[in-house]
Amino acid sequence: MFSFAPPLVRLIEELSKLPTVGPKTAQRLAFYMLAMPAEDAEALASAIGLEEKWRSDGRWFRYVKFLEEGGRTLTRALLIATARRA
């Protein structure tokens, strides 16, 4: 059994919490992320931090309300259209 550095173990654990992502897939994703160019990794990190921006301008709450009312996962185009209407 391989032993990984604690930050890599944490990344694998967090990725495995995603729907349909098991430990093997999480490990593959983690190694893929490590091999990404720095600018791609930074873009991914900023996209993950999008929730904070959404919380500050209210879009997050509209999105959560939509899901709670039975809405399906939104495509990017539909998400943009829904946010503009609100």
Point to revise | Subset of segment 60-73 [modelled with pLDDT under 70 and more than 26 Å from L11 (Cα to Cα)] | key: G71, R72
Study note, to complete from the structure: Within segment 32-56, the residues that are in a loop (DSSP other than H, G, I, E, B), surrounded by fewer than 12 Cβ atoms within 10 Å (Cβ to Cβ) and either of a type in the set (A, V, I, L, M) or modelled with pLDDT of 80 or more (or both) are P37
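The values are calculated or read from the model by the stated rules, or taken from the named source; none is laboratory data. In this text the structure is predicted, and so the values were computed from the model without any measurement. Here the Cβ is made from the backbone with ideal geometry for all residues, glycine too, and neighbour counts use every protein chain on show.
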